[in-house]
Amino acid sequence: MAIDTSDFKNGMHFYLDGEVYTITEFQHVKPGKGGAFVRTRLRKVKTGQVLEKTFRSGERVEPAFVEKVKMQFLYKQADELILMDLDSYEQIPVPSETLGSQAKYLKEDTEITALTANGETLGYELPNFVELEIVEADPGFKGDTVSGGSTKVAKLESGASINVPFHINIGDVVKVDTRTDSYLERVKK
């Protein structure tokens, strides 16, 4: 049962060249001359690679039925992350490179989502935002303000380093966007 380009939605999964892709953006375009088309931005589920592709209007693709399985990060062991399926409580070792650069934001008990299709795990989705404590940073000084625009490097409890404003100190909990590796705000305790 193929789906038509008129049915495209953000977050929809389908097969393209034997791989599963997710639509992250799409736009229907009707030029004054010629046929209509759909411009899309796709993300390969397995690798996270982004692809821009144009489909002719009415072109059909094969849908991929991707199941989202809730998992919990338990701990890191050598180069493996130990995840637990929250339904079966089965513990699964996963190579840390499978999660790519986002693995640096994992702390114990973080919930992540495993994407599976046809019994095969295609990839993992971390929460878009995480709250982590600052464990290492240069001290802030009187006069360093929120609106200063200047930043310093701070190390988070998960081991990741990000740029934060000067007024952030050790012990502060900050909200981080895992997609862009950027500081968003200080969280009130």
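The values are calculated or read from the model by the stated rules, or taken from the named source; none is laboratory data. What you are looking at is a predicted structure, and each value in this text was computed from that prediction instead of being measured. Heads up, the Cβs are rebuilt from the backbone with ideal geometry, glycines too, and the neighbour counts pull from every protein chain shown.
Can we say Phe14 is surrounded by 14 or more Cβ atoms within 10 Å (Cβ to Cβ), out of contact with any Asp or Glu (no Cβ under 9 Å at 6 or more places or on another chain) and aromatic (Phe, Trp, Tyr)? It is false that Phe14 is surrounded by 14 or more Cβ atoms within 10 Å (Cβ to Cβ), out of contact with any Asp or Glu (no Cβ under 9 Å at 6 or more places or on another chain) and aromatic (Phe, Trp, Tyr).
Here Gln72, Gln27 are screened, and the one residue that is over 20 Å from Leu115 (Cβ atoms) and at pLDDT 90 or above is Gln27. Of the residues making up region 53-62, none is in a loop (DSSP other than H, G, I, E, B), under 19 Å from the mean Cα position of the chain (by Cα) and either more than 30 Å from Glu133 (Cα to Cα) or not assigned by TED's automatic domain parsing to the domain that holds Thr180 (or both). Restricting to region 2-52, give me the number of residues that are over 21 Å from the mean Cα position of the chain (by Cα), under 22 Å from Glu120 (Cβ atoms) and part of a loop (DSSP other than H, G, I, E, B). Residues in region 2-52 being over 21 Å from the mean Cα position of the chain (by Cα), under 22 Å from Glu120 (Cβ atoms) and part of a loop (DSSP other than H, G, I, E, B): 3 in total.
Within region 108-118, being loosely packed, with under 15 Cβ neighbours inside 10 Å and outside any strand (DSSP E or B) holds for Glu108, Asp109, Asn118.
Quick grid of which residues meet (1) closer than 22 Å to Ile23 by Cβ; (2) of a type in the set (Val, Ile, Thr):
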position: Leu42; (1), (2): yes, no
position: Thr47; (1), (2): yes, yes
position: Phe55; (1), (2): yes, no
position: Gly58; (1), (2): yes, no
position: Gln72; (1), (2): no, no
position: Lys76; (1), (2): no, no
position: Asp79; (1), (2): no, no
position: Met84; (1), (2): no, no
position: Ser96; (1), (2): no, no
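Just to verify a result, which residue in region 166-186, among those that are part of a loop (DSSP other than H, G, I, E, B) and of a type in the set (Ser, Thr, Tyr), is surrounded by the fewest Cβ atoms within 10 Å (Cβ to Cβ)? That would be Thr180. Kindly check whether there is at least one residue in region 122-130 that is closer than 27 Å to Glu185 by Cα, surrounded by 14 or more Cβ atoms within 10 Å (Cβ to Cβ) and either in contact (Cβ under 8 Å) with a residue 60 or more places away in the chain or among the hydroxyl-bearing types (Ser, Thr, Tyr) (or both). Within region 122-130 (the criterion being closer than 27 Å to Glu185 by Cα, surrounded by 14 or more Cβ atoms within 10 Å (Cβ to Cβ) and either in contact (Cβ under 8 Å) with a residue 60 or more places away in the chain or among the hydroxyl-bearing types (Ser, Thr, Tyr) (or both)), the answer is yes, since at least one residue qualifies.
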